[in-house]
Structure formats: structure tokens, C-alpha cells
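Working notes for the structure below.
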Number of protein chains: 2
Amino acid sequence: MSFPLSSFSFQDFPKSALSQLDKVGLELALSEAKLGYSEGGIPIGSVILRFTEEFEQRVRASRSVEGRSEDLSLRDQDVEVLGKGHNLRLQKGSPTLHGEISALENAGRLKAAVYEKCTLYTTLSPCSMCTGATLLYKIPRVVIGENTTFMGDEELLRQRGVEVVVVDDSSCKSLMTKFIEEKPEEWNEDIGELPGTTTS
Amino acid sequence: MSFPLSSFSFQDFPKSALSQLDKVGLELALSEAKLGYSEGGIPIGSVILRFTEEFEQRVRASRSVEGRSEDLSLRDQDVEVLGKGHNLRLQKGSPTLHGEISALENAGRLKAAVYEKCTLYTTLSPCSMCTGATLLYKIPRVVIGENTTFMGDEELLRQRGVEVVVVDDSSCKSLMTKFIEEKPEEWNEDIGELPGTTTS
Ligand SMILES: [Ca+2]
Ligand SMILES: [Ca+2]
Ligand SMILES: [Zn+2]
Ligand SMILES: [Zn+2]
């Protein structure tokens with residue numbers, strides 16, 4: 001039942017459904033960020049979603065019959081959460097479990113054909129590592145809460161053909177702004193920036 | 001006692017010492033790869049090394065007195081292993097614990113000032129994710145066992161100013177070649193490539 005996304009791209013889904021998917025995705029990512037904050041961690045959250053194959057089939061069927069599918073609305077059961085996670089640097093002493101990496105890890109082992117139908121939601125512009133992970137698995141869409149408190153490697157994503165949507169969400173921004181004010185040193189460490197003292 | 005590498009780069013170390021460091025690093029990375037293979041895993045290993053600050057001081061002192069330091073030889077205690085690891089996709093069901101990510105994770109939380117004096121050794125050309133992790137933490141040197149069985153994002157590393165050394169090591173190549181022949185599907189999954197069937 002699997003087919004390459006190239007034959008059925010995100011543009012073939014109703015705009016209203018894609019917009020609903022993105023709303024769900026960013027809300028889940030923000031919930032993960034808030035969970036991280038409540039644990040004393042860096043508040044960045046991510047989630048990986050896709051439309052279910054059943055919804056994809058409904059859209060396909062609708063298109064072939066009527067030539068359009070804008071009226072199809074997205075139900076809860078039409079969305080599959082493949083993975084979610086948040087930054088765990090402070091909780092686990094981890095330099096690699098950024099929100100996006102945590103979500104990928106939580107999703108477990110997946111074949112390339114699954115990733116190519118996914119959207120990665122993240123509350124903050126993805127750093128070089130998380131950008132690279134997105135490219136490795138050829139995730140075709142990335143929706144970003146905000147890129148004001150930190151600008152990641154978005155431009156590389158675009159250069160390599162990934163669709164990047166920046167929501168500029170005020171809740172994502174205010175949560176990060178609060179954290180950076182509270183723990184500037186931990187934040188600099190997370191993005192590999194000086195100043196800081198060595199741990200040796 | 002810390003100073004920015006920009007004022008004392010890898011080129012300031014004796015070539016013989018750097019060559020010894022690279023030999024130690026690649027051997028350790030290959031040991032990790034073999035360990036992974038013995039566990040039934042994808043045989044890619046990595047290690048993160050640096051010269052100790054004491055050795056750095058000896059080189060500095062030698063330079064200021066004699067104007068050269070080529071005669072300084074590297075002793076075992078002059079090398080610090082910050083982290084090592086191997087690919088754990090098959091052992092842990094992990095899509096993100098590539099050899100390089102495992103080594104970074106094993107190294108734990110480090111400040112930017114530490115990473116900037118490190119060399120990352122890896123038996124295989126680093127994929128986009130591991131390339132991105134190297135860029136995130138601004139690791140200035142990457143030594144690669146081979147890039148024949150897989151060509152990663154080396155060119156991006158170079159474009160961003162990372163020194164990349166490809167050793168073209170026959171032991172690294174033959175280990176990967178053997179694995180790819182034995183488990184082609186697991187290998188394709190690891191590098192995000194079709195063909196493969198979905199897991200859903
Ligand atoms: Ca140390
Ligand atoms: Ca599934
Ligand atoms: Zn990241
Ligand atoms: Zn990798």
C-alpha cells in the first residue's frame with residue numbers, strides 16, 4: 001500500500017487538512033517543550049507526524065472522483081504520531097538528545113519510505129545536527145515554532161529541497177526567552193557557543 | 001589555562017605528533033567498529049581525542065625556546081580520549097546512535113572550548129546527521145577511515161572550514177564491505193535509503 005511521495009506530495013493534500021496537521025504538530029511540540037521546562041530542562045520540543053495511509057487513500061479517492069478534495073476535514077484518527085521528544089541535555093547529561101533527535105529516537109527504526117511522508121515539528125529552528133538528521137532521513141517538511149531566539153541551519157534545509165515553514169509562534173518564543181534569561185550558560189553549551197569553561 | 005584554538009591551531013603541533021595521534025585515533029575507532037560487528041551491529045566506530053593541555057604546554061614551551069618542536073614525541077599520556085562509541089542501530093533499535101553520535105554522547109556534556117581542540121575519528125565518511133553534529137560543536141578536525149563504501153557530507157564539512165583527512169584504510173573498507181554484503185537492508189535503513197518496506 002506504500003507509494004513514493006514523489007507521486008503524491010504534500011501539495012496534493014487539502015490545504016485545510018495540512019493546516020490542521022500543522023496546528024496539531026506545533027501544539028504537541030510545544031507541550032513537549034513545556035514538559036522539558038517543568039523537568040528543569042532546555043524547553044525545546046519536537047514531534048514527527050504523518051497523515052495515516054487511510055486518510056491518504058481518502059484524499060486520493062476524493063481527488064480521482066471530484067478533481068478536488070478541499071472539503072475533506074482531518075479527524076483525530078487521521079494523524080499518526082510517529083515520535084515525540086524534548087531536549088534532555090540537563091536531565092540526562094546528554095549532548096545529542098536535542099528535541100528533534102529525541103523525537104527521532106522515540107520513533108525508533110523506520111524505513112526510508114516512512115520518513116518521506118513525515119513532517120517534523122520543532123519549537124525552535126533546528127541546529128546543524130538536527131538539520132543533518134532531517135537530511136539523513138529525507139524528511140520532506142519541517143515546521144518551526146520560531147527562529148528569533150536561535151537561527152539554526154534552515155537555509156541548508158531549503159537548499160537541499162526540504163519545505164520549511166516558520167510559524168513565528170509567540171508561545172514558543174516566550175518560553176525560550178524565559179529559559180535563556182534563567183540559564184544562559186546551559187543554553188550556550190547546548191548550541192556549542194562560547195563563553196564557557198572547560199569541564200576537564 | 002584554556003586559550004582559543006585560533007591562537008594555537010593543529011598546525012602548531014609537531015607533524016609527527018599529529019600523525020601519531022591520528023594513528024591512535026583511527027585504531028581506536030576501528031576497534032569500536034569491530035566491537036559493533038561482534039555484537040551483530042553495523043560496524044562503524046568513532047572516537048574523540050585531543051592532546052592533553054600538558055602536551056600543548058610542552059609544545060608551546062618548545063616553540064618559544066627553539067622555534068621548532070618537531071622533536072617532541074607523543075607519549076600515551078599525552079592523548080586524552082574524550083569519548084568513543086559505535087553504531088547501535090541494531091543493538092538498541094536506535095536510529096540516531098551512529099558511531100559519531102555515540103562517541104559524542106559517551107563524551108558527555110562539554111563546553112565549546114573543549115570541542116574546539118578535538119579531532120573526531122570515524123571509520124566511515126560521516127552522514128549528514130553526524131556532519132551536522134560536528135558542525136554544531138565546531139569540532140575543527142575530522143579523520144575518516146574510508147569513503148568508498150559510503151560518501152557522507154564531507155564536502156559540507158570542508159565548506160564550513162573543518163579540516164577533513166581521508167585515510168582510505170583497507171581494514172575499515174573490508175569490514176564495511178563484508179557487513180553490507182551480509183545485511184544490505186539494515187545498511188540501507190541506516191543511511192535512509194530505499195529500497196525497504198515500511199514498518200507500520
Ligand atoms: Ca575530561
Ligand atoms: Ca507505526
Ligand atoms: Zn539540534
Ligand atoms: Zn551518521
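Quick notes
- Rounded to whole Hz, the Karplus (6.51, -1.76, 1.60) HN-Hα couplings of the range A:142-149, x for glycine and proline: 10, 10, 10, x, 7, 10, 8, 6
- Cβ charges +1 (Lys, Arg) and -1 (Asp, Glu), total dipole of the range B:96-183, debye: 380
- Taken residue by residue and averaged, Cβ atoms of other chains lying within 10 Å of the Cβ of B:113-121 number 2.
- Peptide B:136-147, shielding by other chains (average Cβ, 10 Å cutoff): 2
- Calculated FRET value between B:Glu53 and A:Ser31, using beta carbons and R₀ = 45 Å, to 0.05: 0.55
- Those residues of the range A:101-116 whose amide nitrogen sits under 17 Å from the label point placed on B:Lys183, 7 Å along Cα→Cβ: A:108-112
- Angle in degrees between helix A:15-38 and the longest Cα principal axis of chain A, rounded to the nearest 10: 20
- Candidates A:Gly161, A:Gly83, A:Gly36, ranked by Gaussian network fluctuation over chain A, Cα under 10 Å, top entry: A:Gly161
- Dipole magnitude for the range B:70-119: about 460 debye, using +1 per Lys or Arg Cβ and -1 per Asp or Glu Cβ, origin at the Cα centre.
- Residues of type lysines that A:Lys84 reaches as a straight line, Cα spacing below 21 Å, ignoring anything fewer than 8 places off in the same chain: A:Lys23, A:Lys34, A:Lys92, A:Lys111, A:Lys117, A:Lys138, A:Lys173, B:Lys92
- Relative exposure of B:Lys92, B:Lys178, judged by other C-beta atoms within 10 Å (fewest first): B:Lys178, B:Lys92
- Charge dipole of the protein assembly as shown (Cα centre as origin; +1 on each Lys and Arg Cβ, -1 on each Asp and Glu Cβ, all else neutral): 40 debye, rounded to the nearest 20.
Since every read-out is calculated from the coordinates, none of them should be taken as a lab result. A quick note: this is a predicted structure, and the numbers were derived from the prediction, not measured. Backbone-built Cβ (ideal geometry, glycine too); neighbour counts: all protein chains shown.
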